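The next block holds one structure in the form of structure tokens; read it before the comments.
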Amino acid sequence: MSLDTAPPAEVPADMPPARTPSPSAVTKELIAKAGATRRRKAAQWKLRIGAVCTLIVIIPILLAQLLPLPDANHQDLSARRLPPLMDGHLFGTDQLGRDLLSRVLHGGQVSLTIGILAVVVSGAIGIILGAAAGYFGGWVDTVVSRILEAQMSLPLLMMLLLVVALFGPSIPVITFVIAIAQWPEVARLTRSMVLVEREKPYVSAARILGLHRIQILIQHIIPNVIKQATLVVLLLLAQAVLLESALSFLGAGPQRPFATWGRIISDGQDYITTSWWMVTLPGLVIVLMVVGVNLLGDGLRDRPRRKKKGA
């Protein structure tokens, strides 16, 4: 028994062929690429702006001894409180006729020296103690964690003022005090990263090969976390400069004849209504420095990592 099938209907010649629905042009891959591109561009802009702001401050400070500037401590009472761009004084003069630009640049050498030394010391202490607490655990982790909690519960500026009052406002004391105040942030980050690293297969392989625990920590774990910890140390440079300026402003910074940024602002605060440049221009230099360093740190942190070949 055969079944008769109806012949297929003829399609008119003038009718266009049916179109299959095309997939959406926006895919998850394109969205991910667009997000990564935005993050990469934002990181690049942060790096560029941060580098420009930082170099604008650092280069003149490094070249302060070579620039044709008056002595930072030379007084000329006949040229007191001259406004900017008057008689060859780009930043004007202060209440004793001293060139303000020269004092800002030479004071920046002291402030930056204290800040850089402080972050180097705090970074070394934080990385060593944080790595030991995260890797060894046990009583080492307990002791370091309790010290961290105790120090972070204290008011920072009051603690700094107390230590400076006890030991004197010298440059080594201020450097050490700022370093002690900043190491907990580096130690906390290092400890958290080491806790992750110690559970990875390469650590187990190193133990099987018979390497000592300290050797594994120094040669294998710390090199893998040092880059991220260094970014935090860079961000702490801005905080160290601000802490030194705050101590100098309150009279607990390096004593005369050192002209730090905080002391320059403190000396000019009584004349802020009549001689605005004595406070405003040094303050803008500090702001430019802090913003530049923070943008550099954020840009380095947000920069996408390059994949190794063959990975």
Regarding residue 78, is this residue among the small types (Gly, Ala, Ser), under 23 Å from residue 183 (Cα atoms), part of a helix (DSSP H, G or I) and out of contact with any strand residue (DSSP E or B) (no Cβ under 7 Å at 6 or more places or on another chain)?
no
Residues of the range 58-96 satisfying the condition of being of a type outside the set (A, V, I, L, M, F, W, C) and more than 33 Å from the chain's Cα centre (by Cα):
74, 75, 76, 78, 80, 81, 83, 87, 88, 95
Pairs, first within 18 Å of residue 246 (Cα to Cα) in the range 105-130, second of a type in the set (Lys, Arg), C-beta under 9 Å, six or more apart:
107/263
Can you list residue pairs whose Cβ atoms sit under 9 Å apart, with the first residue in the range 158-175 being on the phi < 0 side of the Ramachandran plot and the second being acidic (Asp, Glu)? Count only pairs 6 or more apart in sequence or on different chains.
174/244; 175/244
Looking across the range 252-273 at residues that are within 21 Å of residue 166 (Cα to Cα), touching a residue at least 60 places away in the same chain (Cβ under 8 Å) and more than 24 Å from the chain's Cα centre (by Cα), the single one that is surrounded by the most Cβ atoms within 10 Å (Cβ to Cβ) is 252
I need a count of the residues in the range 59-91 that are within 19 Å of residue 110 (Cβ to Cβ) and among the acidic types (Asp, Glu).
1
Unique match (being over 23 Å from residue 56 (Cβ atoms) and either at pLDDT below 90 or among the polar types (S, T, N, Q) (or both)) among 114, 125, 180:
180
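The values are calculated or read from the model by the stated rules, or taken from the named source; none is laboratory data. Just so it is clear, the structure is predicted and the values come from calculations on it, not from any experiment. Reconstructed Cβ throughout: ideal geometry from the backbone, glycine too, with neighbour counts over all protein chains shown.
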